[in-house]
There are 2 protein chains.
Amino acid sequence: MPRVSQDHLDARRRQILDGSRSCFARFGYEGATVRRLEEATGLSRGAIFHHFKDKESLFLALAEDDAARMADVVAEQGLVQVMRNLLEDPTGAEARALGADWLGTRLEVSRRLRTDHEFRERWAQRSEALTAATRARLQWQRQSGNLRDDVDVDVLTAYLELVLEGLVSHLAMGLPARHLGSVLDVVEESVRRHRGR
Amino acid sequence: MPRVSQDHLDARRRQILDGSRSCFARFGYEGATVRRLEEATGLSRGAIFHHFKDKESLFLALAEDDAARMADVVAEQGLVQVMRNLLEDPTGAEARALGADWLGTRLEVSRRLRTDHEFRERWAQRSEALTAATRARLQWQRQSGNLRDDVDVDVLTAYLELVLEGLVSHLAMGLPARHLGSVLDVVEESVRRHRGR
């Protein structure tokens, strides 16, 4: 039997992630049955679950993927810019890369997150990259003298993440984006250093 | 046949709302079957759907109920205080009165809100009371000179509501409340009037 190359494995993994992402986005977590995952990925259940232990692991891998991509943008441009990208064009390529196409699916698992301790732990670990990138960016901003210095960086990190959670929820529900650009201006300004503060 | 008094109708309506609220909180929107709604309210499906056209109407009546109660607290104490109450004791009586016990259920319908235009319209109407109360409170604060006057009241209203959406999502997912008290301090301060602004 020929040895399967790492490149091939990575490509296969990517194929499964991309297909199942659109499957989750279209049918929701519960609605994304194994049969539909097979159709969406073009692979057999055997192949899919060779790479991911179960549907939950697949779902968490997508969440991790999103967090990692968001973290990259955060490192370059900050979390407020991530939010502006989401807002600008929630169905655009950039927003899709940040996981906007299945924001609703993420909300759908909220009951599960609340009631299933182990699932919540795994979810929290997946989001850790985003928190770390946000904190690092804010720390750098503080050293550059751009960040207010009367509030702890951890608090400002939690503040920006809370606004992101609100935006995700808002967009996932398809609610009107009225005023939200200006809202992000308020958010951005409220973490900045001001004269006299 | 004796005429049914308005008081009796109101009491029955209340009985249905209270029972179905805990049913939705426990089983989720999909899981709250007609049989379970009967058990939770102690009433027959005939009696329940005499008062509410269907499950959707019942669900939206609960959302309206929550928005109205929140609006009362907002008028007295402001939206930041509503958030502090939710945060302080998410399972306490005050938070329950604000609908915290079924926050997760509200998230569960996000897919439906996004894809079903009519449902979203009805939902938006139900939340209108909260927006109106928040705006009125901010306008009053501005007249009292406590509110920053360089940002439109509608933008500040949308800002506070976005933070509330984030908090609802955060608590519904059972994520840790670490730093959130201090985060609300940042939020409150960012809508206040400052010397030199």
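The numbers here are math on the coordinates, done by the rules we state, and not lab data. None of the values given here were measured: they were computed from a predicted structure. Here the Cβ is made from the backbone with ideal geometry for all residues, glycine too, and neighbour counts use every protein chain on show.
Only helical DSSP H runs with n ≥ 4 go in: add -39500 (n - 2.57) per run for chain B, normalise by residue count and round the 222 nm mean residue ellipticity to 500 deg cm²/dmol.
-24500 deg cm²/dmol
Would you mind listing the distances between the A:F27 label point and the same position in each other copy? Use 7 Å along Cα-to-C-beta, nm, one decimal, shortest first.
2.5
Name the residues of region B:164-197 whose amide N is less than 19 Å from a point 7 angstrom out from the Cα of B:Q143 along the C-beta direction?
The answer is B:192-193.
Using Cα springs under 10 Å in a Gaussian network model of chain A, which residue among A:L103, A:L162, A:L86 shows the largest mean-square fluctuation?
Checking each option, the largest mean-square fluctuation is seen for A:L162.
If we hang a label 7 Å off Cα along the beta carbon direction at B:A68, how far is it from the matching labels on the other copies, in nm, shortest first?
5.0
Against the longest alpha carbon principal axis of chain A, how many degrees, from 0 to 90 and to the nearest 10, is the axis of helix A:79-88 turned?
70 degrees
Determine the shape class of region A:76-197: with a ≥ b ≥ c the square roots of the Cα gyration tensor eigenvalues, call it rounded for a/c under 1.5, and otherwise prolate if a/b is greater than b/c, oblate otherwise.
Oblate shape, in that a/c is at least 1.5 and b/c is the bigger or equal ratio.
What percent does the relative contact order of chain B come to when contacts are Cα pairs within less than 8 Å and at least six residues apart?
Dividing the mean separation by the residue count of chain B yields 22 percent.
Is the protein assembly as shown rounded, prolate or oblate when judged by the Cα gyration tensor, a ≥ b ≥ c being the square roots of its eigenvalues, rounded requiring a/c under 1.5 and prolate requiring a/b larger than b/c?
Here the protein assembly as shown falls in the oblate category.
Quick one: which residues, 5 or more positions from B:L147 or on another chain, have an amide H under 5 Å from its amide H? H modelled 1.01 Å from N in the peptide plane, none for Pro or chain starts.
For B:L147, whose amide H was placed from the backbone, the distant partners under 5 Å are B:R142, B:R193.
Springs between alpha-carbon pairs under 10 angstrom, Gaussian network model over chain B: which of B:V82, B:V109, B:V151 fluctuates most?
Looking only at B:V82, B:V109, B:V151, the largest GNM fluctuation is found for B:V151.
Under the convention of a label 7 Å out along Cα→Cβ, give the distances in nm from B:R193 to the same position in every other copy, shortest first.
2.9
How tilted is helix A:6-31 with respect to the longest principal axis of chain A? Cα atoms for both, answer in degrees (0 to 90, nearest 10).
In chain A, helix A:6-31 runs at an angle near 80 degrees to the longest axis.
Taking a spot 7 Å from the Cα of B:T115 along the direction of its beta carbon, which residues of region A:15-32 have an amide N less than 20 Å from it?
In region A:15-32, the label zone of B:T115 (backbone N under 20 Å from the point 7 Å along Cα→Cβ) covers A:18-32.
Relative to the longest principal Cα axis of chain B, at what angle does helix B:55-77 sit, 0 to 90 degrees, rounded to 10?
Taking Cα atoms only, the helix is inclined about 30 degrees.
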